[in-house]
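Enquirer: Structure below; questions to follow.
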Amino acid sequence: MNDLVLTAPVLEEARQQIENALIKAGVHTVLLIDDAGNVVANCGQDARRFDTTALAALAAANFGATSEIARLIGEDDFSLLFHKGKKDSIHFARVGPRLILVTIFGDEVALGLVRLRVSQLTKAIEKIFGLDS
Amino acid sequence: MALIDLSRKEVHCKIVYYGPGRGGKTTNLLYIYNAMNNGVRGKMLTIETKGDRTLFFDLLPLNLGKVNGFDVRIQLYTVPGQTIYEATRKLVLKGVDGVVFVADSLRVRREKNIESFNDLKKNLTEYGLSIEEIPLVLQYNKRDLANSAIPTLSVDELESDLNNELKAITFEATATKGIGVFETLKEISKNTIRYVVKKHLLADI
Ligand SMILES: Nc1nc2c(ncn2[C@@H]2O[C@H](COP(=O)(O)OP(=O)(O)OP(=O)(O)O)[C@@H](O)[C@H]2O)c(=O)[nH]1
Ligand SMILES: [Mg+2]
C-alpha cells in the first residue's frame, strides 16, 4: 500500500470543489479521510467543533466493516452508506480505492441533493488525486 | 500507509498494538495516556468494551513534535486480541506503518501468542506488507509475574517462539506499572518515522 502524499495545490483544489458542491448547498461539514482513518481535508464551519480525529478513525472503521459485511453477503461493496439522525445525518461515499468522503448535514438539506452532489464530487476528487483511470 | 501533508508539513503515521487477548495492549495505551500531558496527547478513544476486553479498537493520537521541520502525528491503535475478532483486527491493521506485538508471559498463553503472531503475519501479507519489512517491536509483557507462583514463560522461550528468525528489537515490560512501556513506544515511533521519512526522502535522518 502506498503512502498518500498531499501537496498544497491538490488540497486547495479538493477543498474548492467540496465548498462548491456541498458547503454552498447548505451541508455543514465535510471530511475527506483515508481508509487508515487519517483526515485528509476538512471543510465547513463545524469541523473544529468536534473531534475530527476520532470521527475519521470511526468512520474509516465503520466503512471498512460495512464493506466486509457486503463481501460476506456476496455484494461487491456498498459504495455508499447513510445514517439518519433526529437533527443531523451523515453520508459516507467511497472516493477511489483509498479515500472516503464524509458529509454531515441537517434536515434542511435533502438527501437526494447530497447524493447527487456527492456522486459528481467523487469523480472530480478522484481526478484531482489522480485516482481515476 | 502514512499520510504526508506537504502543505501543512505534517506526517501522520499509524502504529498498531497487536497481540493475544488480555496480553496488555490497552494497558499500554492507558499508561501512555495517563503519563503524557495535554500538549502531546489527544483524546483517547475506547470503543464499546465489554468489561475490559476490546471489541473494536482503542485509539490514542499523539503529537510528537517536529522531525526535520515536519510535525509528526502518531495514532496508536490496539486491536481486539480475542481469536473471534479476526475480521476486526484486519480492519484496524489497514494502513499500518509500524507494529508493536505485545506477547503475554503467562505460560498458559503460549499457544495464543504464537497464534496471534501468525495471524499478524497473515494479515500483513494480505495488505501487501511483510513482517520482515515493516517496523516491528516485540514487547514481552507481564514480566512481574515471573517472580510469582504463576507459571510463566522465560524470555528465552518467548524469543524462540516468536523471534527466532526475525530478530526484532524486544523489550521486557510490566505494562500495569509502566515498566518498558515508553521504551517500546520510543523505539517503534523512531523506527516508524525513519521508515516513512526514508521512503519519501523527506530528509535524511
Ligand atoms: N500482572 C500483570 N497484569 C497485566 C500487565 N499488563 C496488563 N495486565 C492485566 O491484564 C489484563 C488484560 O489487559 P488489557 O490491556 O485489557 O489486554 P488487551 O491486550 O487489551 O486485551 P484485549 O482487549 O482482549 O485484546 C488486565 O487485567 C490488565 O490489568 C502486567 O504487566 N502484569
Ligand atoms: Mg484491549
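Enquirer: Mind checking the angle between helix B:25-35 and chain B's longest principal axis? C-alpha axes, 0 to 90 degrees, to the nearest 10.
Expert: In chain B, helix B:25-35 runs at an angle near 60 degrees to the longest axis.
Enquirer: In µm²/s, what is D for the range A:8-128 at 20 °C and 1.002 mPa s, where D = kT/(6 pi eta Rh) by Stokes-Einstein and Rh is the Kirkwood radius from Cα pairs? List each step's numbers first, then the result.
Expert: Details: Rh = 14.4 Å.
Taking Rh from Cα pairs, D becomes 149 µm²/s.
Enquirer: Related question: Would you mind telling me the antiparallel percentage of the DSSP bridges in the range B:49-205, rounded to 5? Provide the component values of the computation, followed by the final result.
Expert: Working: 11 of 21 bridges.
For the range B:49-205, the DSSP antiparallel bridge percentage is about 50.
Enquirer: Follow-up question, since we're still on this one. Quick one: what Rg and Dmax do you get for chain B from the alpha carbons, in Å?
Expert: Expressed in Å, the Cα Rg and Dmax of chain B come to 16.4, 56.
Enquirer: Still on this model: Rule-of-thumb check for the range B:104-205: C-alpha Rg over 2.2 N^0.38 Å?
Expert: Details: Rg = 15.4 Å, N = 102, 2.2 N^0.38 = 12.8 Å.
Dividing the Cα Rg of the range B:104-205 by 2.2 N^0.38 Å gives 1.20.
Enquirer: Trypsin sites (Lys or Arg not before Pro), restricted to the range B:21-130: which are DSSP loop and have at most 12 other Cβ atoms within 10 Å? Could you put the intermediate results ahead of the total?
Expert: Working: sites: B:Arg22, B:Lys25, B:Arg41, B:Lys43, B:Lys50, B:Arg53, B:Lys66, B:Arg73, B:Arg89, B:Lys90, B:Lys94, B:Arg107, B:Arg109, B:Arg110, B:Lys112, B:Lys121, B:Lys122; in loops: B:Arg22, B:Lys43, B:Lys94.
Answer in residue order: B:Lys43.
Enquirer: Here's something else I'd like to know. Using a cut-off of 23 Å between alpha-carbon atoms, which lysines can reach B:Lys43, once sequence neighbours fewer than 8 places away in the same chain are excluded?
Expert: B:Lys9, B:Lys14, B:Lys25, B:Lys66, B:Lys94, B:Lys177, B:Lys186, B:Lys190
Enquirer: I've got another one for you. If you roll a 1.4 Å probe over the heavy atoms of the protein chains, what accessible area per residue do you get for chain B, in Å²? Could the numbers behind the result be given before it?
Expert: Working: 9090 Å² over 205 residues.
I get 44 Å² per residue for this part.
Enquirer: How many percent of DSSP beta bridges within the protein assembly as shown run antiparallel, rounded to 5?
Expert: Values: 40 of 65 bridges.
Roughly 60 percent of the beta bridges in the protein assembly as shown run antiparallel, per DSSP.
Enquirer: Still on this structure, please answer the following. If the chain between A:Asp77 and A:Leu111 were fully stretched, how many nm would it gain, using 0.36 nm times the residue separation less the Cα-Cα distance?
Expert: Numbers: separation 34, 0.36 × 34 = 12.24 nm, distance 2.06 nm.
Additional length available on full extension: 10.2 nm.
Enquirer: Could you please state how large a percent of the accessible area of the range B:3-204 is carbon and sulfur, counting protein chains only and using a 1.4 Å probe? Could the numbers behind the result be given before it?
Expert: Numbers: 4610 of 8990 Å².
Of the solvent-accessible surface of the range B:3-204, carbon and sulfur hold 51 percent.
Enquirer: Just checking the output field for A:62-73: average partner chain Cβ neighbours within 10 Å of each residue's Cβ?
Expert: Working: counts 2, 1, 7, 4, 0, 1, 4, 1, 0, 1, 1, 0.
Shielding by partners across A:62-73 averages 2.
Enquirer: Considering the range A:76-133, what Rg and Dmax in Å follow from its alpha-carbon atoms?
Expert: Over the range A:76-133's Cα set, Rg and Dmax evaluate to 12.1, 39 Å.
Enquirer: Extending each Cα 7 Å along its Cβ direction at B:Ala87 and B:Lys199, get the distance between those two points in nm, one decimal.
Expert: 2.7
Enquirer: Please report the orientation-averaged projected area of the protein assembly as shown, defined via the convex hull of its C-alpha atoms, in nm².
Expert: Details: hull surface 72.3 nm².
Averaging across all directions leaves 18.1 nm² for the Cα convex hull.
Enquirer: Across peptide B:72-79, how many C-beta atoms of other chains are within 10 Å of each residue C-beta, on average?
Expert: Numbers: counts 0, 3, 0, 6, 0, 4, 0, 0.
Average neighbour count from other chains, rounded to a whole number: 2.
Enquirer: Then there's this: Each residue of the range B:95-112 in order: what ³J(HN,Hα) in whole Hz does its phi give by Karplus 6.51 cos²θ - 1.76 cosθ + 1.60, θ = phi - 60°, with x for Gly and Pro?
Expert: Listing the rounded values in order: x, 5, 10, x, 10, 10, 9, 9, 9, 9, 6, 4, 4, 5, 9, 3, 4, 5 Hz.
Enquirer: Any chance you could give the angle, 0 to 90 degrees and rounded to 10, that helix B:181-200 forms with the longest Cα principal axis of chain B?
Expert: For B:181-200 against chain B, the angle is about 40 degrees.
The values are calculated or read from the model by the stated rules, or taken from the named source; none is laboratory data. Values in this document were obtained by computation on a predicted structure and should not be read as measured data. Reconstructed Cβ throughout: ideal geometry from the backbone, glycine too, with neighbour counts over all protein chains shown. SASA here: full protein model, heavy atoms, side chains in, ligands and nucleic acids out. Shrake-Rupley method; radii C 1.70, N 1.55, O 1.52, S 1.80 Å.
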